[in-house]
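Comments concern the structure below.
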Amino acid sequence: MTTFKTNDFRKGLKVQIDGEPYLMVAMNFVKPGKGNAFYKCRLKNLIRNTVIDRTYKGGDSLEGADVEEIDCQYLYRQADAFVFMDAATFEQYELTADQVDENWKYLKDGISCSMVLFNEQPITLTPPNHVELKVEYCEPGAKGDTATNVTKLAKVETGAEFVVPSFINIGDVIKIDSRTGDYVERVRS
Amino acid sequence: MGPDGADTERPNDEPARKPRDRRVRPFADWRVVQERANLLRELRHFFDSSRFVEIETPLLSHNTVVDRHLDPLAVTLYPNPTSPHEGPTLWLQTSPEFAMKRALCHYSRSIYQITRGFRAGESGRLHNPEFTILEWYQTPATYDDGMELVERLVDSLLDRPPTQRIRYADAFDEHLGIDPHRATIAQLKACAAATGYEAPDFDADQNGWLDWLLSECIQPHLGCGPPVILCDYPASQAALAKISPGPPPVAERFELYVDGIELANGYHELDDPVQLLDRAAAENKLRAIDGKFTLPETSWLADAMADGLPPSAGVALGVDRLLMVRLGLNSIDDVLTFPISRA
């Protein structure tokens, strides 16, 4: 594994601290004319998305993190595990329900996601920004009602429920913004 | 006419050009380029009219300042272009200090120089590996004379209230309630942890912690109103300044801060060649502990000092930073035509 000395520190570097991968999002070099150099780093934990500030002095070092982003395809759910396949190598990866978190709502069969691997183990999953989902159940819409300010809940193919306008019907395909969970538009009726 | 006698047709629209790398262009605005020219003129006028003589010394030298935390760039002066890595090593100067002091020993006159300094590995908001340095030596001069000249210079260049002098120990007492000359490493570390700043979790020696506390907790406040001359540094940070016996012994060394930025560093110059050699050896030992290459300990400066260095005060000032402060700019890149990323 690569070791980065303070001279190598720069924005964008991926490093390990206490066994977890971090992305260096900012680095500030501080040095008195005569005296020790300090490297003030802002680091984002790539698993938990938390941000920490750390200061290192000249000559310190950090282990590089073997972090890779891959494109993968959702295959199926098996009890508590979600199974994905690397689109390039066909390697299969399992994520726990905890790791998938709220993203289960968008995991329809075969959907392409991006996955971050740390030491070849999946750590995070990101579905596409917009996901098209088929409505499996909702209360029927009032005829001719095209207003978008009247809303209701619709259950989609993944089993998740989203707030949609009242004109949406069973069998419609709707587009949801996976970053917010908001309804975007009706794709097909 | 084309080779076949027909008109070579040029399309009306420009041929599709590759998008130009933005690093091609200078970084500094034209206004800043003009302001730099003005500043250089004013600096020369100040020293010329204070009866200093502008001098030139080599950028490339067999000797270099030996400092644990200053890394000079090595240059191979190869005699034979077919083996460019063989030949004597010369050093791009981190400051013109050694050569200027040799000149001072010989001429015994007040001299100044505006030149370039090179420091490997220094890159950031306030650092560029190559920078413009103003360095002067005033003789005959006391410690106090050295600070007084800085005050006069600041007065003539910056529109600020009169410069304040603050002792290193008083700054630590005021901001941190700790005595920097007597505190133990454990006390300094505890002080760092209690600051509420993101305290580093590394292990450092006495000077390491003092540097961190100064840079993080004190320096940002220095010179935000009136400019500040911080003086009487710890004896262990004397570099090439005289040490006054105390107690506690302190280095006759001072630094100028404006808007929290370190602009200049000055000494009542050490004139004892034996101490010069001792300090170089001590710094080299620390460099070795840090895993760094060591630097030549003996120097022509030590020889020159054996014949006598006149009582003098010497100051080095970062011209790029001074320009930043004058123009209220945030980064050293803003005042450089081509910062290192574009050099």
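In this structure, does residue B:203 turn out to be charged (D, E, K, R), within 11 Å of chain A (Cβ to nearest Cβ) and in a helix (DSSP H, G or I)? Steps first, answer last, please.
Numbers: charged (D, E, K, R): yes; within 11 Å of chain A (Cβ to nearest Cβ): yes; in a helix (DSSP H, G or I): no.
Criteria not met by residue B:203.
The rows are residues; the columns are (1) in contact with a strand residue (DSSP E or B) (Cβ under 7 Å, 6 or more places away or on another chain); (2) surrounded by 22 or more Cβ atoms within 10 Å (Cβ to Cβ).
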residue	(1), (2)
B:243	yes, no
B:247	no, no
B:254	yes, yes
B:261	no, no
B:264	yes, yes
B:268	yes, yes
B:274	no, no
B:292	no, no
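Report yes if some residue within segment A:166-177 is in contact (Cβ under 8 Å) with a residue 24 or more places away in the chain, of a type outside the set (Gly, Ala, Ser) and closer than 30 Å to residue A:20 by Cβ; otherwise report no.
To start, the set of residues in segment A:166-177 that are in contact (Cβ under 8 Å) with a residue 24 or more places away in the chain comprises A:166-177.
Cutting the leftovers down to of a type outside the set (Gly, Ala, Ser) gives us A:167-170, A:172-177.
Those still in the list that are closer than 30 Å to residue A:20 by Cβ too: A:177.
Within segment A:166-177, one or more residues are in contact (Cβ under 8 Å) with a residue 24 or more places away in the chain, of a type outside the set (Gly, Ala, Ser) and closer than 30 Å to residue A:20 by Cβ.
Anything in segment A:178-189 that is over 13 Å from the mean Cα position of the chain (by Cα) and either at pLDDT 90 or above or not in a strand (DSSP E or B) (or both)? List them, or say none.
Just the residues of segment A:178-189 that are over 13 Å from the mean Cα position of the chain (by Cα), to begin with: A:181-189.
Scanning segment A:178-189 gives A:181, A:182, A:183, A:184, A:185, A:186, A:187, A:189.
Looking only at residues that are assigned to a loop (DSSP other than H, G, I, E, B) and either polar (S, T, N, Q) or in contact with a Gly (Cβ under 6 Å, 6 or more places away or on another chain) (or both) in segment A:118-143, which one is surrounded by the fewest Cβ atoms within 10 Å (Cβ to Cβ)? Write out each step before concluding.
In the first step, residues of segment A:118-143 are kept if they are assigned to a loop (DSSP other than H, G, I, E, B); the result is A:119-120, A:127-129, A:138-143.
If we keep only those that are either polar (S, T, N, Q) or in contact with a Gly (Cβ under 6 Å, 6 or more places away or on another chain) (or both) too, we end up with A:119, A:129.
Values: A:119: 13, A:129: 11.
The selected residue is A:129.
Could you check segment A:148-189 and list, in sequence order, the residues that are touching a Lys or Arg at 6+ places or on another chain (Cβ under 7 Å) and among the polar types (S, T, N, Q)?
Listed by number, the residues that qualify are A:158, A:166.
Give segment A:174-189 a look and list any residue that's buried (at least 16 other Cβ atoms within 10 Å of the Cβ) and among the hydroxyl-bearing types (Ser, Thr, Tyr), or say none.
If the condition is that a residue be buried (at least 16 other Cβ atoms within 10 Å of the Cβ) and among the hydroxyl-bearing types (Ser, Thr, Tyr), then A:178, A:183 are the ones that fit.
Hey, can you tell me all the residues within segment B:177-201 that are buried (at least 17 other Cβ atoms within 10 Å of the Cβ) and closer than 23 Å to residue A:58 by Cβ?
Of everything in segment B:177-201, those that are buried (at least 17 other Cβ atoms within 10 Å of the Cβ) and closer than 23 Å to residue A:58 by Cβ turn out to be B:180, B:183, B:188, B:189, B:191, B:192, B:199, B:200.
Mind checking which strands (runs of 3 or more DSSP E) fall wholly inside segment A:5-106 and carry at least 3 residues that are more than 14 Å from chain B (Cβ to nearest Cβ) and within 19 Å of the chain's Cα centre (by Cα)?
Values: elements: A:14-17, A:20-30, A:38-45, A:51-57, A:61-64, A:67-78, A:81-86, A:92-96.
Because the criterion is at least 3 residues that are more than 14 Å from chain B (Cβ to nearest Cβ) and within 19 Å of the chain's Cα centre (by Cα), the strands (runs of 3 or more DSSP E) in segment A:5-106 that meet it are A:20-30, A:67-78, A:81-86, A:92-96.
Can you tell me which residue in segment B:43-83 is farthest from residue A:58 (Cα to Cα), limited to those that are among the acidic types (Asp, Glu) and either within 14 Å of chain A (Cβ to nearest Cβ) or surrounded by 14 or more Cβ atoms within 10 Å (Cβ to Cβ) (or both)? Can you show your working first?
Filtering segment B:43-83 for residues among the acidic types (Asp, Glu) gives B:48, B:54, B:56, B:67, B:71.
After this cut, where a residue has to be either within 14 Å of chain A (Cβ to nearest Cβ) or surrounded by 14 or more Cβ atoms within 10 Å (Cβ to Cβ) (or both) as well, the list is B:67, B:71.
Numbers: B:67: 14, B:71: 12 Å.
Here the residue is B:67.
Has segment B:295-318 got any residue that is touching a residue at least 12 places away in the same chain (Cβ under 8 Å), within 14 Å of chain A (Cβ to nearest Cβ) and either basic (Lys, Arg) or not in a strand (DSSP E or B) (or both)? It would help to see each step written out before you state the result.
Looking only at segment B:295-318, we keep the residues that are touching a residue at least 12 places away in the same chain (Cβ under 8 Å), and these are B:295-318.
Subsequent filtering for residues that are within 14 Å of chain A (Cβ to nearest Cβ) retains B:314-318.
From the residues that got through so far, the ones that are either basic (Lys, Arg) or not in a strand (DSSP E or B) (or both) too are none.
Looking through segment B:295-318, none of the residues is touching a residue at least 12 places away in the same chain (Cβ under 8 Å), within 14 Å of chain A (Cβ to nearest Cβ) and either basic (Lys, Arg) or not in a strand (DSSP E or B) (or both).
Pick from segment B:208-217 the residues that are more than 7 Å from chain A (Cβ to nearest Cβ) and surrounded by 22 or more Cβ atoms within 10 Å (Cβ to Cβ): which of them is farthest from residue B:183 (Cα to Cα)? Outline the logic, then answer.
Of all residues in segment B:208-217, those more than 7 Å from chain A (Cβ to nearest Cβ) come to B:209-210, B:213, B:216-217.
Now drop any that are not surrounded by 22 or more Cβ atoms within 10 Å (Cβ to Cβ), which leaves B:209-210, B:213.
Working: B:209: 10, B:210: 10, B:213: 13 Å.
My answer is B:213.
The values are calculated or read from the model by the stated rules, or taken from the named source; none is laboratory data. Here the structure is a predicted model, which is why all the values come from computation and not from measurement. Please note: Cβ atoms are built from the backbone with ideal geometry, for glycine as well, and neighbour counts cover all protein chains shown.
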